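Everything on this sheet refers to the single structure shown next.
Read the figures in this text as sums done on the coordinates, not as results from a lab. These figures come from a predicted structure and were not determined experimentally. Cβ coordinates were reconstructed from backbone atoms using ideal geometry, including for glycine residues, and neighbour counts include every protein chain displayed.
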Amino acid sequence: MPRRLYGVREIGPSELRAGRVEPHYQKVLVRLLSAHAIAEKLTALGYQRALDTVADSSLHPLIRKNLAEERRHARLIYKVLEEIGVAESAADRSMMRVLKSPSFEAPRYFAERAEGETDLLMASLALDATGLLMIGINYRDSSYAPHARAADIILEEEAEHDEFASMLLGRAVERLGAERVIDALRRWLPRAVNFFGPPGTGFTYDCLRYGLKSRDNQELADLFLTMLERRARQLGITLPALTPDYPHTAA
Ligand SMILES: [Fe+2]
Ligand SMILES: [Fe+2]
């Protein structure tokens, strides 16, 4: 682990303007915020799509609630970017190549191709349960104060989204049976774990050094799997095995 140069919430826009941080800091920050913002935006689009593809209308009020909250999360992060002169369109453009990588397959699939309740459940596990860890562990302790403050707001709602995913998982096992849920997990679990991103990259090294993240992607992915394994075991199912290296696939 590299030595952390800046403390929790130590930096704000005025420190950036005054040039009190390493010049590379802002570039790394903008890339991280752009990835966070577009992940929130795609998640919102996924919930929007779910309103059309999920037949059971008793789930719609909760889908609508999540949709509104994900939109707000996206807006919060784009606002942090705008404060330092990066427009939403520029941020999104800078993500075009990254969006095609395996780490963005989960939010893209949710926004573009997901169909029905099982995909909704899996996307919620793959995006909300993972987001809770990334935001709660990494961004809340960010050296960049506006990102850490946005994380405080997002976290409360993400905790509820995670409960929603948990509820849906129990319901799916009950209604569809363990076999079909395990089958869906075979498709979705690799996407969920890949969402944390590749381990040990130069970009993450920079994030750790600048205090924009506090854990490596691998560590968070392992935490997620441990948490999900426990949840699955309570419901009497075993998670499908994954290949060991990023990008993971079902083994
Ligand atoms: Fe969110
Ligand atoms: Fe969420």
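With a 10 Å cut-off between alpha carbons and a GNM built on the chain, which of Asp206, Asp141, Asp128 moves the most? Most flexible of the set in this elastic network: Asp206. Put a plus charge on the Cβ of each Lys and Arg, a minus charge on the Cβ of each Asp and Glu, and nothing anywhere else: the dipole of the chain about its Cα centre is then about 560 debye.
Neighbour counts of other C-beta atoms within 10 Å: give me Arg231, Arg191 arranged from fewest to most.
Result, fewest neighbours first: Arg231, Arg191.
Taking every DSSP helix (H) stretch of at least 4 residues in the chain, weighting each as -39,500 (n - 2.57) and dividing the sum by the residue count yields a mean residue ellipticity at 222 nm of -21500 deg cm²/dmol.
Spatial offset of the stretch 30-94 relative to the stretch 213-234 amounts to 23 Å, using the alpha carbon center of each.
Each residue in Met122, Met134, Met96 was given a count of other beta-carbon atoms within 10 angstrom of its own, and listing them fewest first yields Met96, Met134, Met122.
Rounded to whole numbers, the Karplus 3J(HN,Hα) couplings from phi for the stretch 144-158 are 8, 3, x, 6, 5, 5, 4, 4, 4, 5, 5, 4, 4, 6, 4 Hz, using 6.51 cos²θ - 1.76 cosθ + 1.60 with θ = phi - 60°, and x at Gly and Pro. Between the listed residues Val28, Gln48, Ser142, the Cα displaced farthest toward the positive end of the dipole of the stretch 22-234, a dipole computed from Cβ unit charges relative to the Cα centre, is found at Val28.
Between Leu155 and Arg64, the C-beta separation translates, for a Förster distance of 25 Å, into a calculated FRET efficiency of about 0.75. Under 5 Å between amide hydrogens, built in the peptide plane, is the criterion, and for Leu242 it picks out Ala251 among residues at least 5 positions away or on other chains. 3J(HN,Hα) couplings calculated from phi for the stretch 18-31 with the Karplus curve 6.51 cos²θ - 1.76 cosθ + 1.60 (θ = phi - 60°) are, in sequence order, 6, x, 8, 10, 4, x, 6, 3, 5, 5, 5, 4, 5, 5 Hz; Gly and Pro show x. Pairwise alpha-carbon distances in the chain exceed 28 Å for 30% of all pairs. Taking packing as the residue-averaged number of other Cβ atoms within 10 angstrom, the listed peptides 33-40, 145-152 run from highest to lowest as 33-40, 145-152.
The GNM of the chain, with springs linking C-alpha atoms under 10 angstrom apart, assigns the highest mean-square fluctuation among Gly236, Gly12, Gly200 to Gly236. Among His248, His161, His60, the order by Cβ neighbours within 10 angstrom, fewest to most, reads His60, His248, His161. Between Tyr144, Tyr25, Tyr210, the GNM of the chain built on Cα springs shorter than 10 angstrom shows Tyr25 fluctuating the most.
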